[in-house]
Amino acid sequence: MLQGSYTALVTPFKNGEIDYYALEKLIEFQLENKTDGILLCGTTAESPALAGDEKWQLIRFCMRKIDKKVPVMIGTGTNNLNSTVAQTRRAFDAGADSALVITPYYNKPTQNGMKEYFSRIAEKTEIPLVIYNVPGRTGVNINAETVAWLASNITSVKAVKEASGSLTQASKIIKETADDFTLFSGEDALNLPLMAVGAKGCISVTSNIIPEKVHDLIKLSLDGDFEKARKIHHEIEDLNEIMFVETNPIPVKEALALMGYIEPLFRMPLCNLAAENKKKLINVLKVHNLIK
């Protein structure tokens, strides 16, 4: 079953190219610090800015370095059906354990349109599918009833990454789907509340910098020890907040740069953190002894 803490891995750059040396160090850091899974080419990876075969070179490199030590999820969704099918098939061929498929953005499909879209993808692919709902970026919300319909009618739809920010919607999805369906928290600030209503894991930005803490929070929650999980939740609240002080992945990449893992570089149209926000970030990282 898809569950646990997945890190939505960043893509490090240097001199305009992917920094594979830094990428290897990031993977090692994750594997050494309890992450349960790794998401490649998600929002946090700046995947829309990866051009041509660059994305697949990155994926092949990461798959070799991860070497089946943890499950790998790959972001394959676009707003074009044929492109999404092709990307999803390619992820399966690359050895991914699941594919994260975002709801079509800009098109603004209806709920029936999304049923047909995900059904068609499932018909043409073999890999387990994770629906990605992030209406703040896509302009469309896939509602609880649609997710439940897909979960009960499409065998390969195994999970949803729920990033609508609605605890009510997440709770409805969990209530209306079978026990073998997984809801992943897609917002770090809501990891504990969503686990409390029945989520089975998270796909995390914050775990780029504190993978062990995020793993422990999720594991304790899965084990029913919410008292200890709550302590971690409150301990890292300020980290979760500062990771979203500007558009993701700007703060988390700046944090990793301050920690010495990567260069503070982005692909346009993303840019460096504003000076006042960088000061706030530095202060929070110092509180947690992540930098001196």
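The values are calculated or read from the model by the stated rules, or taken from the named source; none is laboratory data. Quick caveat, the model's predicted, so the values are computed rather than measured. Using ideal geometry, Cβ is built from the backbone for each residue, glycine included, and neighbour counts are taken over all protein chains shown.
For region 225-268, the set of residues classified as among the charged types (D, E, K, R) and surrounded by 18 or more Cβ atoms within 10 Å (Cβ to Cβ) consists of Glu246, Lys253, Glu254, listed by residue number. For Tyr117, the requirement of being aromatic (Phe, Trp, Tyr) and either surrounded by fewer than 17 Cβ atoms within 10 Å (Cβ to Cβ) or free of Cβ contacts under 8 Å to residues at least 40 places away in the same chain (or both) is met.
Screening Leu273, Leu281 for residues that are hydrophobic (A, V, I, L, M, F, W, C), out of contact with any Phe, Trp or Tyr (no Cβ under 7 Å at 6 or more places or on another chain), part of a helix (DSSP H, G or I) and buried (at least 19 other Cβ atoms within 10 Å of the Cβ) leaves exactly one candidate, Leu281. The lone criterion from (1) buried (at least 16 other Cβ atoms within 10 Å of the Cβ); (2) over 20 Å from His215 (Cβ atoms); (3) free of Cβ contacts under 8 Å to residues at least 60 places away in the same chain left unmet by Val70 is number (2).
Here is a yes/no grid of residues against (1) among the aromatic types (Phe, Trp, Tyr); (2) more than 19 Å from Val252 (Cα to Cα); (3) touching a helix residue (DSSP H, G or I) at 6+ places or on another chain (Cβ under 6 Å):
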{"position": "Leu2", "(1), (2), (3)": "no, yes, no"}
{"position": "Pro48", "(1), (2), (3)": "no, no, no"}
{"position": "Ala86", "(1), (2), (3)": "no, yes, no"}
{"position": "Gly95", "(1), (2), (3)": "no, yes, yes"}
{"position": "Leu100", "(1), (2), (3)": "no, yes, no"}
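Quick one: how many residues across region 134-167 are under 18 Å from the mean Cα position of the chain (by Cα), among the polar types (S, T, N, Q) and either buried (at least 21 other Cβ atoms within 10 Å of the Cβ) or closer than 22 Å to Ile74 by Cα (or both)? Summing the residues that are under 18 Å from the mean Cα position of the chain (by Cα), among the polar types (S, T, N, Q) and either buried (at least 21 other Cβ atoms within 10 Å of the Cβ) or closer than 22 Å to Ile74 by Cα (or both) in region 134-167 gives 3.
Looking at the structure I just gave you, is Glu263 farther than 20 Å from Leu31 by Cβ, part of a loop (DSSP other than H, G, I, E, B) and acidic (Asp, Glu)? Yes: the conditions hold for Glu263.
Whether a residue is part of a helix (DSSP H, G or I), surrounded by 22 or more Cβ atoms within 10 Å (Cβ to Cβ) and either of a type in the set (Gly, Ala, Ser) or in contact (Cβ under 8 Å) with a residue 60 or more places away in the chain (or both) was assessed, and Ala170 passes this test. Restricting attention to region 106-117, the residues that are closer than 18 Å to Leu150 by Cβ and modelled with pLDDT under 95 add up to 1. With the checklist (1) surrounded by 15 or more Cβ atoms within 10 Å (Cβ to Cβ); (2) in a helix (DSSP H, G or I) in hand, flag the one item Thr11 doesn't pass. Exception for Thr11: condition (2).
Please work out which residue is farthest from the chain's Cα centre (by Cα), limiting yourself to region 173-197 and to residues that are in contact (Cβ under 8 Å) with a residue 60 or more places away in the chain and closer than 18 Å to Ser5 by Cβ. Per the stated criteria, the residue is Thr182. Listed by first and then second residue, the pairs linking a residue in region 35-49 that is hydroxyl-bearing (Ser, Thr, Tyr) to a residue that is buried (at least 23 other Cβ atoms within 10 Å of the Cβ) and assigned to a loop (DSSP other than H, G, I, E, B), with Cβ atoms under 8 Å apart and 6 or more places separating them unless they lie on different chains, are Thr43/Pro249; Thr44/Leu9; Thr44/Val10; Thr44/Val205; Thr44/Pro249; Ser47/Thr11; Ser47/Cys41. Applying the set (1) out of contact with any Lys or Arg (no Cβ under 7 Å at 6 or more places or on another chain); (2) farther than 23 Å from Tyr105 by Cβ; (3) surrounded by 15 or more Cβ atoms within 10 Å (Cβ to Cβ); (4) free of Cβ contacts under 8 Å to residues at least 60 places away in the same chain to Ile27 leaves exactly one unmet item: (1). Would you confirm, using the coordinates I've provided, whether Val85 is aliphatic (A, V, I, L, M), within 15 Å of the chain's Cα centre (by Cα) and at pLDDT 95 or above? No, not satisfied.
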